[in-house]
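Just so it is clear, none of the values below were taken in a lab; they were calculated from the coordinates. Quantities reported herein were computed from a predicted structural model and do not represent experimental measurements. Neighbour counts run over all protein chains shown; Cβ positions are idealised from the backbone, glycine included.
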Amino acid sequence: MNTNKFDKILYMIKILVISDQKEKCDFFNTIFNKNTYEISCLSDEMLIYDLVNADTPDVIIIDTQINYLKNLNKKIKNLCPNTIIIFLNSASKIDKDLIKYANAFFTDGMSEDFIISTINVNLRMKNSLEMLSNSNKDLADSLYRLNALYSTSSQFSGTLDKAKLIQYMIEGMDRALSFSLTCTLSFCTEEEPVLILNSLYELSDELIEALKLRAVLNYNSLFEGKKLPAEINSDTLKVIKQIKYPASRFTFSLFRFDNMFAPVSLGDNFFGCVEIFKESAFSPDDATCFQTIAQQVALPLKSATLYQEIIEANAKLAKLERLKSEFISIVSHELRTPLTSIKNSLDILMSGRCGEITESADKFLSMAMRNVQRLSGIINDLLDLSKIEAGKMDFNFAPTNINTVIDYVKNALSEVAKSKGLTITIDQQKSLPDITADAQRLEQVLTNLVSNAIKFTPENKTITISSKLVNSKDIHINNSFKDYIKLDEGDYVLVCVKDEGIGIAEKDLLHAFDKFAQIENSLSRKAGGTGLGLPIAKQLLEAHHGAIWCDSELNKGSEFYFAIPTAKIEQLV
């Protein structure tokens, strides 16, 4: 059977052979030209890099006898990480360092059919993994857009400056949609209406005049048959330009781009309108995101207006926060359905029910499963945060002994710590009085603290969980938190999670409890996370009339404390 016919690939495959031996190049030229592959043979290192940069090959076959092999491998992997790498090995022993770079190996004397089959099998595997990667990318894009929306709505709730709110709206659209140009007709940036042009490239005077006229016509069409909030003349309309890359310039072909338009208004309050242009087509999700941001900014703009007039400012800000939390909750629930489907599909694939799983496929399927689980954790964190902020978190308060909670968390995380070479010890004061608490929520708080300690503590170190009864006057709180934590008089159960990890700089201690905060260092970036664990813990403890804070020193470790009063909680939050 002719293998290359059986394994026929329906598109032209680009193959690069790297060798300085003419007979090997001739050998592969004969095989691949016969099978209608596009082949190049090179030995000059700079020419190789130029070709890889200009037109990335599907397959690279590297002769292991090339003198600059190790340096070549690293650079090629950086330049084209998704290319199939096959080593042509003439020696009897393979260098162990090469194994991690290779998808396959050829040796002298291999048949033509075997070579073609090996390449086709690897190409099919690559295509399958790319399809799986694209599915994960769609989910990641949805989560990215959700985070962009949440970040933008958080910015909206952080200021009553109308000019800043309009700018946050534009920046939020840029993060979520990557526009080419936005034309924002704003009635609240300055005393008179102003057209704000945020453009990827420079705009000619003639194009700006056309955009001004278009903005005025769009504005007039919104109030057709009604009284205009203000008369606008395109000749006198002020323009504010914000150009990202002034070296390039848009032409009138801009008007052939895909576009979306939305008013920025709430009830009888009109704040302007926004039109967005993008060279590629907008998707339905893009349209939803665009309309959501345009609607979201209207609320803080109205709050800003009411604040300036000293009318119902606090009530309007509270309404904005509730709507923001409800939005996060709705979107998070919507993400759960496709995430569950993806997880079930991965479970079926990994079980082998759809066929035998190769070692490489198992590696990538496991990677996908870990990312699905991570995304599931992020969504759960978002839901918890939105419930807490909306005042919809349910608590089951009952007499609880904190040492029971500590024992449970220690037993649950000991194996995880052990796998990293860490030891968890406990130092409990015996016969502690019960506290009125939700044991499950306290387990969530303590699990987060211990998990963070495990994540940021090097091997062969110890994590200690301690508990004791103290009076409020004897509790030492780090100076960074003294303005934010006020404990009532009385006795408290004090819990501490102490590690010997990377520590936190003094200036960053307070920010560790900010939403989506990630303290900047190489280990924290590597470990990842949503930045929601500590903010959730903080709000859960505040619901218990308690508090959380930390002491830390860079490269020496951290001590995270939380205190809960022993007195009965009369009023549940």
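Backbone geometry of segment 413-419 corresponds, through the Karplus equation with coefficients 6.51, -1.76 and 1.60 at θ = phi - 60°, to 3J(HN,Hα) couplings of 10, 4, 5, 4, 5, 4, 5 Hz, x marking Gly and Pro. In this simple spin-label approximation, N218 and S234 carry label points 7 Å from Cα along the Cα→Cβ vector, and these lie 1.3 nm apart. With each label modelled as a point 7 angstrom along the Cα→C-beta vector, the K486-Y49 pair spans 6.3 nm.
Length gained on full extension, V416 to Q21: 137.0 nm, using 0.36 nm per residue less the C-alpha separation.
Were the residues from D394 through D427 laid out at 0.36 nm apart, the gain over their Cα-Cα distance would be 8.8 nm. Applying the criteria of a DSSP loop state and at most 16 other Cβ atoms within 10 Å to the GluC sites (Glu not before Pro) of segment 148-218 yields E190, E191.
Taking 25 Å as the cut-off for C-alpha to C-alpha distance, list the pairs among K387/K515; K77/K515; K418/K482 that go past it. Check vs 25 Å cut-off fails for K77/K515; K418/K482. Quote the FRET efficiency, to the nearest 0.05, computed for K74 versus A287 with a Förster distance R0 of 45 Å and r equal to the Cβ-Cβ distance. The value I calculate is 0.55. At a Cβ-Cβ separation cutoff of 4.7 angstrom, cysteine residues of the chain with no neighbouring cysteine are C80, C183, C188, C273, C289, C354, C496, C550.
Where in segment 449-521 are there GluC sites (Glu not before Pro) that are in a DSSP coil and have at most 11 other Cβ atoms within 10 angstrom of their Cβ?
Values: sites: E459, E489, E500, E506, E520; in loops: E459, E489, E500, E520.
For GluC sites (Glu not before Pro) across segment 449-521 that sit outside H, G, I, E and B with at most 11 neighbouring Cβ atoms in 10 Å, the list reads E459, E489, E520.
With the contact rule set at Cα under 8 Å and sequence spacing of 6 or more, what percent relative contact order holds for segment 162-298? Taking the mean separation of contacting Cα pairs over the length of segment 162-298, I get 31 percent. Net charge dipole, the chain: roughly 720 debye, given to the nearest 20, about the Cα centre with Cβ charges of +1 for Lys and Arg and -1 for Asp and Glu. Taking the fewest neighbouring Cβ atoms within 10 Å as the starting point, the ordered list for H544, H511 is H511, H544. Temperature 25 °C, viscosity 0.890 mPa s: under these conditions the Stokes-Einstein estimate for the chain, based on its Kirkwood radius over C-alpha pairs, is 85 µm² per second.
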